[in-house]
Amino acid sequence: MFSSRMSNLHPYIPGEQPHDRVYIKLNANENPYPPAKEVVAALQDFLLKNPKALSLYPDPDSNSLRTAIADMLNKTGGVLCRSEVLPDGKMCRPSEKDAIPFEVTKDMIYCGNGSDEVLSFLFYAFFDSDKTLVLPEHTYSFYPVYAGFYNIPFETVSLHGDWTLDTDSLLKRASENDSGVIFANPNAPTAIGISREKIRALLTVFDPNKVFVVDEAYCDFGGESSISLLSEFKNLVIVRTFSKSLCGAGMRLGYLVANPEVIHAITTVKNSLNHFPVDAVTQVAGIAASQNPAYYIDCAKKIVCERDSFTRFLRERGWILTDSQTNFVFARHPTISGSEVYRKIKEEGILVRHFDTKGIEDYIRITIGSYEEMTALKMAIEKW
């Protein structure tokens with residue numbers, strides 16, 4: 001009854017979603033803070049004053065949302081934790097390091113139902129079934145899922161011993177395979193980022209006729225965005241999401257930043273599958289979030305502060321971990337296995353992420369929560 005394609009699928013396994021008891025959830029890289037009050041107010045206003053809008057199709061091109069996202073990126077440079085909120089408490093500006101030397105415009109933005117759908121369209125548009133895609137050995141585990149879904153062969157390149165990406169090998173193999181590349185920056189689950197200058201150097205030697213995708217899901221917590229390179233490299237495509245730094249995992253909104261011709265190509269793919277990808281309610285929420293970056297700058301700074309505090313806490317106790325540029329840490333205990341650490345923490349009512357993947361099986365990935373949540377985790381670790 002089922003197709004041969006169905007039998008070859010290897011679905012993504014999300015972080016544990018418990019139903020048997022209430023846990024502190026530090027296993028899915030969700031933001032511990034609610035959205036800005038302006039988002040809640042905008043949703044209430046929309047539903048109360050425009051109930052009929054729910055019975056009508058939304059704007060298929062998310063025009064107002066794309067405009068709002070472009071404006072937000074211009075104001076923050078794509079890195080919230082280094083942006084500065086001005087004295088009025090509303091306006092903000094990017095750090096000198098992150099300022100974009102041109103204006104990001106609406107025609108450089110594409111919006112979809114979470115960055116996972118956006119990634120799916122990218123895989124369909126730019127990676128071929130007759131060319132082997134090259135992926136980092138340890139990276140976002142949806143990449144190989146989509147490769148399998150679209151029947152795209154792939155191979156992996158090992159990371160360096162310090163968990164950094166071996167970008168030279170990645171590009172060498174991609175060139176040999178005549179394929180584009182994709183990687184997360186900062187990387188998940190290792191939490192380490194590559195500098196913008198390093199990415200510029202990679203793009204300079206990479207085939208300009210092949211797509212170069214940088215997934216910046218975690219960039220707002222300390223990475224270096226590559227958005228400012230878009231004027232130099234037409235094949236650069238940047239994936240971003242509202243799920244992490246914009247407190248929006250529940251509303252499913254992701255977007256691309258790229259040159260207009262790339263946006264047109266992805267829109268063509270979208271219109272061949274679903275002409276209305278982002279629903280009306282999510283568009284309202286996304287606009288309101290984008291128009292209130294000061295709140296999210298504060299959230300990102302608080303998460304970074306807790307991350308650095310928790311990093312010091314673990315290192316003082318002999319744990320081994322990378323220097324995170326994300327909203328999570330990638331760590332292992334020097335003598336206790338990753339599965340045992342996961343179990344012990346879960347017994348204390350806290351969920352973290354453990355991977356069975358060979359090579360990282362002794363590591364756990366811990367999402368940075370609120371001060372109260374991280375205090376509870378510290379106490380749980382101290383207990384044993």
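The values are calculated or read from the model by the stated rules, or taken from the named source; none is laboratory data. What you see is a predicted model; the values in this text were computed from it and never measured. Cβ placement follows ideal geometry from the backbone for every residue including glycine, while neighbour counts extend to all protein chains displayed. Protein only, heavy atoms only, side chains kept; ligands, DNA and RNA dropped before computing areas. Shrake-Rupley method; radii C 1.70, N 1.55, O 1.52, S 1.80 Å.
Whether a residue is over 23 Å from GLY254 (Cβ atoms), of a type in the set (A, V, I, L, M) and under 20 Å from the mean Cα position of the chain (by Cα) was assessed, and LEU171 does not pass this test.
Residues that are farther than 21 Å from ASN235 by Cα and of a type in the set (Gly, Ala, Ser) were ranked within segment 125-183; the one that is surrounded by the fewest Cβ atoms within 10 Å (Cβ to Cβ) is GLY161.
The residue pairs whose first member lies in segment 62-74 and is outside any helix (DSSP H, G or I), whose second member is crowded, with 20+ Cβ neighbours inside 10 Å and not small (Gly, Ala, Ser), and whose beta carbons are closer than 7 Å, counting only pairs six or more residues apart or on different chains, are SER62/CYS111; SER62/VAL278; SER62/GLN283. Considering every residue within segment 225-237, establish whether at least one is buried (at least 23 other Cβ atoms within 10 Å of the Cβ) and polar (S, T, N, Q). Checking segment 225-237: at least one residue is buried (at least 23 other Cβ atoms within 10 Å of the Cβ) and polar (S, T, N, Q).
Quick grid of which residues meet (1) without any contact (Cβ under 8 Å) to a residue 24 or more places away in the chain; (2) closer than 16 Å to LEU80 by Cβ; (3) assigned to a helix (DSSP H, G or I):
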{"position": "GLY286", "(1), (2), (3)": "no, yes, yes"}
{"position": "LYS301", "(1), (2), (3)": "no, yes, yes"}
{"position": "CYS305", "(1), (2), (3)": "yes, yes, yes"}
{"position": "PHE313", "(1), (2), (3)": "no, no, yes"}
{"position": "ASP323", "(1), (2), (3)": "no, no, no"}
{"position": "PRO334", "(1), (2), (3)": "yes, no, no"}
{"position": "LYS358", "(1), (2), (3)": "yes, no, no"}
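Considering only segment 201-213, state which residues are over 11 Å from LEU171 (Cα atoms) and open to solvent by 60 Å² or more (accessible area, probe 1.4 Å). Result: THR204, PRO208, ASN209. Are any of the residues in segment 63-73 modelled with pLDDT under 95 and either of a type in the set (D, E, K, R) or exposed (fewer than 11 other Cβ atoms within 10 Å of the Cβ) (or both)? No; the residues of segment 63-73 include none that is modelled with pLDDT under 95 and either of a type in the set (D, E, K, R) or exposed (fewer than 11 other Cβ atoms within 10 Å of the Cβ) (or both).
Filtered by the rule that a residue be in a helix (DSSP H, G or I) and free of Cβ contacts under 8 Å to residues at least 12 places away in the same chain, segment 45-61 gives ASP45, LEU48, LYS49, PRO51, LYS52, SER55.
Residue-wise test of (1) of a type in the set (Gly, Ala, Ser); (2) within 30 Å of LEU377 (Cβ to Cβ); (3) exposed (fewer than 10 other Cβ atoms within 10 Å of the Cβ); (4) modelled with pLDDT of 95 or more.
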residue	(1), (2), (3), (4)
MET1	no, no, yes, no
SER4	yes, no, yes, no
ILE24	no, yes, no, yes
LYS37	no, yes, no, yes
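If I ask for residues that are open to solvent by less than 20 Å² (accessible area, probe 1.4 Å) and modelled with pLDDT under 95, which ones from segment 271-289 would you list? Correct list: PRO277 only. If you go through segment 181-205 and keep only what is part of a loop (DSSP other than H, G, I, E, B), closer than 26 Å to ALA265 by Cβ and in contact with a strand residue (DSSP E or B) (Cβ under 6 Å, 6 or more places away or on another chain), you end up with just ASN185. Residue under question is VAL257, and the condition is that it be open to solvent by less than 40 Å² (accessible area, probe 1.4 Å), out of contact with any Cys (no Cβ under 6 Å at 6 or more places or on another chain) and of a type in the set (Val, Ile, Thr); does it hold? The answer is yes for VAL257. For segment 94-105, the criterion of being more than 24 Å from the chain's Cα centre (by Cα), open to solvent by less than 70 Å² (accessible area, probe 1.4 Å) and touching a residue at least 40 places away in the same chain (Cβ under 8 Å) is satisfied by no residue at all. Scanning segment 290-323 for residues that are among the small types (Gly, Ala, Ser), open to solvent by 20 Å² or more (accessible area, probe 1.4 Å) and closer than 18 Å to CYS219 by Cβ yields nothing. So for segment 151-165 (the condition being over 24 Å from GLN325 (Cα atoms), in contact with a helix residue (DSSP H, G or I) (Cβ under 9 Å, 6 or more places away or on another chain) and among the hydroxyl-bearing types (Ser, Thr, Tyr)), does at least one residue qualify? No, that holds for no residue. Every listed requirement among (1) within 20 Å of LYS234 (Cα to Cα); (2) in contact with a Pro (Cβ under 9 Å, 6 or more places away or on another chain); (3) assigned to a helix (DSSP H, G or I) is met by ILE100 save one, (3). Within segment 75-93, take every residue that is part of a loop (DSSP other than H, G, I, E, B) and crowded, with 20+ Cβ neighbours inside 10 Å and give me the one that is farthest from the chain's Cα centre (by Cα). Taking the candidates together, the pick is SER83.
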